[in-house]
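What follows is a short report on a single structure.
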């Protein structure tokens, strides 16, 4: 039996993952896999990456003991992995710096990316500006309207933003359009995917670059508590911050892993984005995984108050971890997430993004029933400045 | 002998390249599809490619994307497409009908279920642009059980070594994607297309017919690819464009389609080569 951290094996996580793409992209995916494995084994590459992660992206991020929240809930100790303090205000930079270096190494000067809320687009624009690469970002027209500020941020950083008007005009369509661009310009262009999704080797590459989160947690909690955590909780849209959190602990079977999806207005309403909790197996965006689809296999429109979780698929490794029972996946509604957003702001002085507010809400649900000796680590994948307007609108507050 | 192979053989004997026409089934409505198919057949297509619409067609340009949106809006479902294939094949038993769709549609129906229904509907071959040879062993095994051809694609970025592997997985014909890019009308045939046809012909060495698609819309394109050694041409986006431009005038739509296909078919006659 292989260790869980040995996956993917032949590009697969059990039966999930793989490569389902137009033939035009196959040679590029094979080339990318070879280039990545070489880079991974190259000390110089790792050193460069480490330098940028610390000096440019601000790592390591703190593991903060949420004393007030812990006291209020009266159960398990809650630690927050502060990815909100990374450059750009989210974990996205870990991946974009890594992949931008890879692009440069491969001699590709043009980088394309998709973005939903704009966080990955901004992080791509930052990394490309720092490394002297040209960035072009695909973003759904609907999302551009909702996140005007991030569109301008990307432009300030020198990126070109392409509005996507096909389909539902959101993240999934931005990925479709980026894939179409890549098919057309594959010889000169690097596609910098923002989550642990897409055809192999992307889920592996993004996970590896994000696993810095989990490795830091492992070391930090040992320094603070002298032992590993009992429970790790992270939100799951595509699932990159969760995979980055979980991966270094996959073979530590005493550590429980929880992925928290967006239940939107409630799973029973059908207006949600919970692919693992309420979806079924399918093949989408180049991978075999859980997706939200109708009975004919048409991908359906999702809903979540948090744009970063608003995606009808999920990384194939999460599908695998669910299948074998190594991680548990649960869902939190818009309402519960907003409550957690407000709670953390007031009790800890930290405004979290709406995405990790889902993870927090789940921690707040289970912590009171656990012992005071139990340790929960919640990955706070981003800060909430971008969501202030959305939350005000949700609460009916005029700002 | 399977229908597609027989068709290529008889065309070759007559000195003709094959003209393969693509439509998205149910565009703009399900009722249109049989009459549009009739017009294409009357115009002179040798095989019909019938698309089952998918919500996220990543290999398609804007024209075929819009066709998929119209068809899905019209409520088209995969089983309805197969039913239409059956009806067309009853009227035209010698016309190979090829289903084109994305893998999730097939996966969702279940491979066994999809291919057995396709067989009942007299479908001759299946093209799934996001099915790679690496993922295809079960797909091919079940297709072969039902005597249905699995048509794979090769692209300008595909190495000769890989073209060889793709040919080993293919039956019916080898589909050459003529350009870097998605489906859609293009002005001129590019160098990369000519190179690919030459490479694939050399690798194939007559083992399997070769048809070229993506960006093929003009008689001159077809003349050129046939002259380079291809056995057939696949035309899609331009047909959809004609449907789209005449969406409210069915008479005009069918007339224009017939005229267009006639011109293309003429260009596919090898005797017309300069």
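No value in this document is a laboratory result; all are computed from the given coordinates. If you're wondering where the values come from, they're calculated on a predicted model, not measured in any experiment. Because the Cβ atoms are built from the backbone with ideal geometry, glycine has one as well, and the counts that use them run over all protein chains shown.
Some observations on this one:
- Shielding score for B:53-63, defined as the mean number of other chain Cβ atoms within 10 Å: 6
- Here the alpha carbons of segment B:161-271 define both size measures, Rg and Dmax, at 15.1, 49 Å.
- Scaled radius of gyration (Cα, divided by 2.2 N^0.38 Å) that the protein assembly as shown gives: 1.01
- In terms of Cα atoms, the Rg and Dmax of segment A:214-319 work out to 15.6, 52 Å.
- Segment A:323-399-segment A:179-248 distance, computed between alpha-carbon centres (Å): 20
- Highest-first packing order for the peptide set A:327-339, B:52-64, A:157-169 is B:52-64, A:327-339, A:157-169, based on the mean count of other beta carbon atoms within 10 Å.
- The orientation-averaged projection of the convex hull spanning the C-alpha atoms of segment B:85-181 amounts to 6.5 square nanometres.
- Here is the tail figure for segment A:81-229: Cα pairs spaced more than 27 Å apart come to 22 percent of all pairs.
- Euclidean distance between Cα centres, segment B:27-44 to segment A:14-89, Å: 52
- Cα Rg over Rh - segment A:177-232, Kirkwood: 1.25
- Expressed per residue, the C-alpha convex hull volume of segment A:42-124 stands at 117 Å³.
- DSSP beta bridge pairing in chain A, given as percent antiparallel to the nearest 5: 30
- Average projection, convex hull of the Cα set of chain B: 12.7 square nanometres.
- Rounded if a/c under 1.5, otherwise prolate or oblate - segment A:273-332, Cα gyration tensor axes: oblate
- Equivalent ellipsoid, chain A (semi-axes from 5 times Cα gyration tensor eigenvalues, Å): 29, 24, 22
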